Amino acid sequence: MSGRWQTVGTGRHRWAPHLERVELAQGQVLYESGRASTHVVFPTTAIVSVMYLTQGGASAEVAVVGNDGMVGISLFMGIDSTPNRAVVQRAGLGYRLRAQAVRDVISHGGPNLTLMLRYTQTRIAQMSQTAMCNRYHSIDQQLCRRLLMGLDRSPSGDLSMTQELLASLLGVRREGVTAAAL
């Protein structure tokens with residue numbers, strides 16, 4: 001396994017037997033709002049958008065996860081479901097870990113739990129920055145931030161996104177993305 005999760009140290013041996021390498025397809029839903037999560041996913045070359053959905057059907061991206069993190073934080077915190085939806089934005093590879101294996105490994109504490117808690121704090125900071133950007137920055141600035149976040153997590157340095165997708169991720173109208181891209 002590559003990336004930051006390789007540095008777990010002495011606790012790494014607890015994860016290894018349970019990790020399953022998976023191919024993640026663009027558009028694949030990893031978990032749905034309000035439904036029980038069955039796995040956590042550690043993308044290695046894929047990029048995943050974590051979306052918040054309103055009751056009215058509107059959505060906006062609240063986090064971007066690549067080889068810098070994991071999808072499914074709620075599982076290791078003992079919560080089976082989440083208010084978010086996770087969708088693969090860039091196809092690629094990753095590893096997944098079954099919910100019960102996550103609970104078993106975390107119950108031992110130690111370096112794995114410490115790493116997961118640190119990652120959660122980093123994710124909260126990212127989500128806070130996104131909220132502030134969405135509130136105080138222009139669509140141009142929001143678009144730049146989102147493109148840079150995607151490039152940071154892209155193993156090849158390429159991004160393939162439609163204006164419709166970007167509008168959905170930013171929670172704005174397509175025309176706003178079109179004007180910002182000019």
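Taking the Cα centre of the chain as origin, sum charge times position over the Cβ atoms of Lys and Arg (+1) and Asp and Glu (-1), and report the length of that vector in debye to the nearest 20.
On the way: 18 positive and 12 negative charges, 73 e Å.
Using Cβ point charges on Lys, Arg, Asp and Glu, the chain gives about 360 debye.
By how many nm would the segment from L93 to M161 lengthen if fully extended, with 0.36 nm per residue of separation less the alpha-carbon distance?
On the way: separation 68, 0.36 × 68 = 24.48 nm, distance 1.86 nm.
That works out to 22.6 nm of additional length.
Not counting ligands, DNA or RNA, and with a 1.4 Å probe, what is V71's accessible surface area in Å² rounded to the nearest 10?
0
Expected output is a single nm value to one decimal: the length gained when fully extending between E175 and C144, i.e. 0.36 nm times separation in residues minus the C-alpha distance. What is it?
On the way: separation 31, 0.36 × 31 = 11.16 nm, distance 1.59 nm.
Result for the pair: 9.6 nm of gain on full extension.
Helix by helix, which DSSP H runs in the chain go 24 Å or more along their axis at the Cα atoms and have an average Kyte-Doolittle hydropathy of -0.5 or more? Walk me through the numbers before you get to the answer.
Details: long enough: 110-136 (39 Å, -0.43).
Qualifying helices: 110-136.
Rounded to the nearest 0.05, what FRET efficiency do E20 and T120 give with R0 = 22 Å and r taken as the Cβ-Cβ distance? Could you check? Provide the component values of the computation, followed by the final result.
On the way: r = 23 Å, r/R0 = 1.03.
The calculated FRET efficiency here is 0.45.
Given 0.36 nm per residue, what is the gain on full extension from E32 to T54 after removing their alpha carbon distance, in nm? Walk me through the numbers before you get to the answer.
Details: separation 22, 0.36 × 22 = 7.92 nm, distance 1.28 nm.
Contour length minus Cα-Cα distance gives 6.6 nm.
Given the whole protein assembly as supplied and a 1.4 Å probe, what does the accessible area of T120 come to in Å², nearest 10?
Answer for T120: close to 20 Å² accessible.
Let a ≥ b ≥ c be the square roots of the eigenvalues of the Cα gyration tensor of region 102-159; is it rounded (a/c under 1.5), or, if not, prolate (a/b larger than b/c) or oblate?
Working: a/c = 4.66, a/b = 1.92, b/c = 2.43.
It is oblate, given that a/c is not under 1.5 and a/b is not larger than b/c.
Where does each of H18, H108 land when they are ordered by accessible area, with a 1.4 Å probe and the largest first?
Working: H18 90, H108 120 Å².
Per-residue accessible area, sorted high to low, gives H108, H18.
In region 110-147, which residues have a backbone nitrogen under 16 Å from the label point lying 7 Å from L182's Cα in the Cα-to-Cβ direction?
Answer for this model: 139-141.
On the full set of protein chains, 1.4 Å probe, figure out the accessible area of D140 and give it in Å² to the nearest 10.
Answer for D140: close to 80 Å² accessible.
Determine the order of R145, R123 by accessible area, beginning with the largest, at a probe radius of 1.4 Å. Don't skip to the answer; put the middle values down first.
Details: R145 45, R123 20 Å².
My answer, sorted largest first, is R145, R123.
Rounded if a/c is under 1.5, else prolate if a/b beats b/c, else oblate: with a ≥ b ≥ c from the C-alpha gyration tensor eigenvalues square-rooted, which is region 35-113?
Oblate, since a/c reaches 1.5 and b/c is not below a/b.
The values are calculated or read from the model by the stated rules, or taken from the named source; none is laboratory data. Here the structure is a predicted model, which is why all the values come from computation and not from measurement. Neighbour counts are summed over all protein chains in view; Cβ atoms, including those assigned to glycine, are modelled from backbone coordinates with ideal geometry. The accessibility values were calculated without ligands, DNA or RNA, using every heavy atom of the protein model including side chains. Shrake-Rupley method; radii C 1.70, N 1.55, O 1.52, S 1.80 Å.
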